[in-house]
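The values are calculated or read from the model by the stated rules, or taken from the named source; none is laboratory data. What you see is a predicted model, and the numbers here were worked out from it, not measured in a lab. Here the Cβ is made from the backbone with ideal geometry for all residues, glycine too, and neighbour counts use every protein chain on show. Note: accessible area is taken over every heavy atom of the protein model, side chains too, but ligands, DNA and RNA are not part of it. Shrake-Rupley method; radii C 1.70, N 1.55, O 1.52, S 1.80 Å.
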Amino acid sequence: AWEGRLISGHDSGLLRVWNVSGDCVEVLKGHIRGMFAASGIDSVLAFAVCGSRLVSGSADKSVKVWAMEPAARPWAGAAFVCERSLLGHTGRVEALAGWQDKVASGSADGIIRVWDAVTGALDATLAGHSGNV
């Protein structure tokens with residue numbers, strides 16, 4: 001949830017923003033629809049709020065950072081802006097945790113990566129798990 005709105009992810013790779021009345025007010029497109037789309041390869045599996053940004057993780061192995069600043073994107077028809085893609089995982093991104101302007105992404109590759117959501121810089125790589133994170 002963010003500022004009275006609910007955000008949901010889907011197997012299609014889309015995220016939707018809903019108002020409290022149950023209306024879909026925005027559709028976010030950014031995770032790829034690859035040749036394996038029928039098998040859920042682009043499914044949105046996790047998302048988190050990091051300061052003024054929404055971060056989504058997908059079976060396409062990417063983390064997307066979306067601008068949510070009210071001044072930059074009024075709700076009347078303006079789309080969320082996908083500011084950047086955070087790449088480096090070799091497995092689907094299954095978990096995200098955000099705090100301030102940082103996000104930790106956990107993947108089926110057994111790695112946790114800590115990113116700066118503002119700059120896209122990779123701050124740390126935490127390896128040691130033998131399975132999905």
At 0.36 nm per residue, minus the direct Cα-Cα distance, what do A124 and A97 gain on full extension? Give it in nm, one decimal, please. 8.3 nm
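Could you tally the net charge around V65, taking each other residue with its Cβ under 12 Å from the Cβ of V65, Lys/Arg +1 and Asp/Glu -1?
Overall, the nearby charge balance is +1.
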For F47, F80, what's the largest-to-smallest order of accessible area, 1.4 Å probe? F47, F80
Each residue of the range 124-130 in turn: what ³J(HN,Hα) in whole Hz from Karplus with 6.51, -1.76, 1.60 and θ = phi - 60°, glycine and Pro shown as x? 7, 10, 10, 10, x, 6, 9
SASA check, H31, accessible area w/ 1.4 Å probe, all protein chains in place, rounded to nearest 10 Å², comes out at 10 Å²
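Determine the order of S52, S62 by accessible area, beginning with the largest, at a probe radius of 1.4 Å.
S52, S62
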